[in-house]
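Here the structure comes first, spelled out in structure tokens, and everything after it is commentary.
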Amino acid sequence: MRASIKLYEPGYLPAVIGLLQASGDEQALERLLPVLSEKSTFVVVAEADGKLVGLAAGAVVASTAWVSGVFGPDDETVERLVEALEATLAEQGAARIFVVAGNGATLDGRGYERVEAALFERAISKVGSQSSLERLGGRTIETRVWDDLRGMDEAKEIIERRVILPLAEPDLARRHGVAQPKAIVLFGPPGTGKTTFAKGIAGRLGWPFIEVAPAEIGAEGAERQAKLLVETFDQVLAVTAAVVFVDEVEDLASVRSEDRRVNPSVTNEFMKQIPRMRDAPHHLLACATNWVSRLDPAFLRPGRFDYVLPVGPPGADARRAIWLRYISEITDEQVDVDALVAATELFTPADIEWAARTAAQRAFEREHFDAVGHRAKTEDFMAAVENAKPTLTPEMIETFRDETERFARV
């Protein structure tokens, strides 16, 4: 069984002592035990079949990190322990890392250079291996993506408090016994910004954003789908830190029924990957769906997902904020914002953006072809609104409210 990598907790101490005694390193106990409880020491462990099989411990001095001990049953586990510890050390400001790895271990696969027989060195970064990210189509997200979510204040505040802060301030979270979220579900009608929220979380944390596409996996047969899931999450977990986004997650975990499109073996395999994500120290799984009631209830249980968060249509205040943002970018003319807010009750943020850009295009073409120099006015915005096809319907909004009552866990 492949080992799970976890953050060290005091309850692991007896198993750690046994591991160090069995390591053959006579100085390991003397070197590591005194520092395990120190705040300046960061430790990750490897666990397989309920047994502790590996350990990595290190500390940061200025911009240099020293990993004073790495123990694992094989090179792969040693590399994964070091990779997990790298993320923590990088968050503490480390730019270069030295690793003492005994038992003939090698860290060539992590880009380390051997300095001495058991001493390795390399530069590290917060986002981890670029090659792994490229294979997965991952990318870094600018922090402005979160700031650009204007008008969605209620959803932003919940996600900021419940998800981002415990991950961004792990020491403060531990001090108050707050568990870091490992997996969340975002639900709401199409176009309400679920993908943008997931990207915004990645930007705020400084973690790369990796999207897993169920449609690509679903193009294969059931046996191949399950294998692809395992391979995909193996690659995801090889990245030091990441927000992993699964859109339209119902394509992997829909309600069990006669007309169900998803093979149960695929859903079961996907559910097996969630504990692996939860064990990873610097990974967040964010799944999104338009209709949370279509998900398998077993998939949603609290042991798998920390929060089930609604991302709803913008209310009047939110629509006003969104309109004001685009109007300020597009025109300096006086615009009747109240009229626009009233006329766009069924609009998503994406719909409002489309209407605003259409009004800007109308003013641009008017000046080019008719030499009329003023920028977009109220009538341009209203014309764009009238020609738009809103994403939402009253039935969608009612369904969202009902699902929020039944499924939201904030």
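The values are calculated or read from the model by the stated rules, or taken from the named source; none is laboratory data. Since we're looking at a predicted model, the values are computed, not measured. A quick note on method: Cβ atoms are made from the backbone with ideal geometry, for glycine too, and the neighbour counts reach across all protein chains shown.
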Could you say whether any residue in the stretch 340-359 is farther than 18 Å from Ala318 by Cα, at pLDDT 95 or above, outside the structural domain of Asn290 (by TED's automatic domain parsing) and more than 36 Å from the chain's Cα centre (by Cα)? no
Tally time: how many residues in the stretch 62-98 are assigned to a strand (DSSP E or B), of a type outside the set (A, V, I, L, M, F, W, C) and within 16 Å of Leu52 (Cα to Cα)? 1
Which number in (1) surrounded by 18 or more Cβ atoms within 10 Å (Cβ to Cβ); (2) small (Gly, Ala, Ser); (3) farther than 30 Å from Glu47 by Cβ marks the one condition that Ala241 misses? (3)
So which pairs qualify, if the first residue must be in the stretch 135-152 and farther than 13 Å from Gly200 by Cα, the second must be in a loop (DSSP other than H, G, I, E, B), the Cβ gap must be under 6 Å, and the two must be at least 6 apart or on different chains? Gly138/Pro208; Gly151/Pro314
Can you confirm whether Val308 is touching a residue at least 60 places away in the same chain (Cβ under 8 Å) and not in a helix (DSSP H, G or I)? yes
Of the residues Ala48, Ala95, Ala3, which single one is at pLDDT 80 or above, within 22 Å of Arg278 (Cα to Cα) and touching a Ser or Thr at 6+ places or on another chain (Cβ under 8 Å)? Ala48
Criterion: at pLDDT below 90, under 25 Å from Trp291 (Cα atoms) and surrounded by 19 or more Cβ atoms within 10 Å (Cβ to Cβ) - qualifying residue of Ile217, Ile184: Ile217
Which condition number does Glu367 fail, the rest of (1) of a type in the set (D, E, K, R); (2) in contact with a helix residue (DSSP H, G or I) (Cβ under 9 Å, 6 or more places away or on another chain); (3) modelled with pLDDT under 95 being met? (2)
Looking only at the stretch 24-69, and only at residues there that are of a type in the set (S, T, N, Q) and surrounded by 15 or more Cβ atoms within 10 Å (Cβ to Cβ), the one that is nearest to Val100 (Cα to Cα): Ser68
